[in-house]
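A short worksheet on the structure shown next.
The values are calculated or read from the model by the stated rules, or taken from the named source; none is laboratory data. Just so it is clear, the model here is predicted, and its values are computed rather than measured. SASA here: full protein model, heavy atoms, side chains in, ligands and nucleic acids out. Shrake-Rupley method; radii C 1.70, N 1.55, O 1.52, S 1.80 Å.
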Amino acid sequence: MVNDNNIEKLQAIIDQSSHIVFFGGAGVSTESGIPDFRSADGIYLKEYQYPPEQVVSHSFFMQRPEAFYDFYKKQMMHLEAKPNAAHQKLAELEQAGKLSAVITQNIDGLHQIAGSKNVLELHGSIHRNYCMKCHCFYDGRYVKKSEGIPRCKCGGMIKPDVVLYEEGLDQSIIQKAVQEIAAADTLIIGGTSLVVYPAAGFVDYFRGKNLVVINKSDTAKDVRADLLIKAPIGEVLGKIR
Ligand code: ZN
């Protein structure tokens with residue numbers, strides 16, 4: 001349940017801010033029907049031979065691309081998902097000149113579909129895919145509808161532009177994210193438990209006035225938050241004018 005008093009406090013913070021940065025995780029997309037695959041091991045273990053963390057790793061992708069794509073296409077490519085009230089409000093705030101960047105751990109592209117322009121995707125996107133041989137580009141639809149391992153016209157295997165386990169994050173995106181956070185007057189963290197690198201460290205670059213945490217469950221940085229709202233992010237941002 002969202003406490004109206006908290007909504008008023010958040011509204012006041014947003015009204016007086018001009019450089020809001022939003023940092024979001026899987027919880028931002030659950031209200032769009034995209035489950036967090038990391039928190040649902042049990043469900044997947046019944047259906048698949050390997051745990052999801054193993055399947056979505058670089059070595060597994062290279063060794064068993066067919067099993068990787070079987071899981072990836074079904075469980076991670078939610079091309080039919082629509083932005084929810086959180087994505088929409090953040091896009092509106094950017095258009096109004098109040099929000100300068102969205103930093104996301106999600107790979108679903110829903111912020112861009114909602115209209116956000118400056119989106120820093122730490123873990124890549126299901127909408128971008130490249131041939132490993134000729135670097136030709138393919139969209140998500142092409143990969144999703146391909147049978148088995150998606151192949152390029154040249155015969156090369158296609159790889160999603162998604163950061164798999166064992167792979168490093170794009171340092172230029174991390175650098176941009178840190179710069180945006182350091183310049184922000186308000187940092188809103190939503191839908192993430194903040195325990196995963198580099199998210200946890202990002203907060204330390206924030207020098208602004210208001211740190212807002214919106215999450216259904218406890219997060220590591222709750223203590224430092226100026227405003228903490230324990231509720232689904234779409235429900236909260238949907239009430240902001
Ligand atoms: Zn190719």
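Rounded to the nearest 10 degrees, the inclination of helix 4-15 to the longest alpha-carbon principal axis of the chain is 90 degrees.
Taken one residue at a time, the phi angles of the range 108-116 give Karplus couplings (6.51, -1.76, 1.60, θ = phi - 60°) of 8, x, 5, 5, 5, 4, 6, x, 5 Hz. Gly and Pro are set to x.
The base-10 log of I(q)/I(0) for the range 1-120, evaluated at q = 0.13, 0.20 Å⁻¹, reads -0.64, -1.09 [Debye formula, identical scatterers on Cα atoms, solvent excluded].
What percentage of all Cα-Cα pairs in the chain are separated by more than 23 Å?
50
Accessible area per residue for the chain is 48 Å², calculated with a 1.4 Å probe on protein heavy atoms, without ligands, DNA or RNA. Taking a straight line from the alpha carbon of residue 230, these aspartates and glutamates sit under 20 Å away, with near neighbours fewer than eight places off in the same chain left out: 4, 8, 31, 36, 218, 222.
Over the alpha-carbon set of the range 89-176, divide Rg by the Kirkwood Rh and report the Rg/Rh ratio to two decimals.
Details: Rg = 15.1 Å, Rh = 14.4 Å.
Here the Rg-to-Rh quotient is 1.05.
Lysine pair count for the range 1-133 (Cα-Cα distance under 21 Å; residues 8 or more apart in sequence or on different chains): 10.
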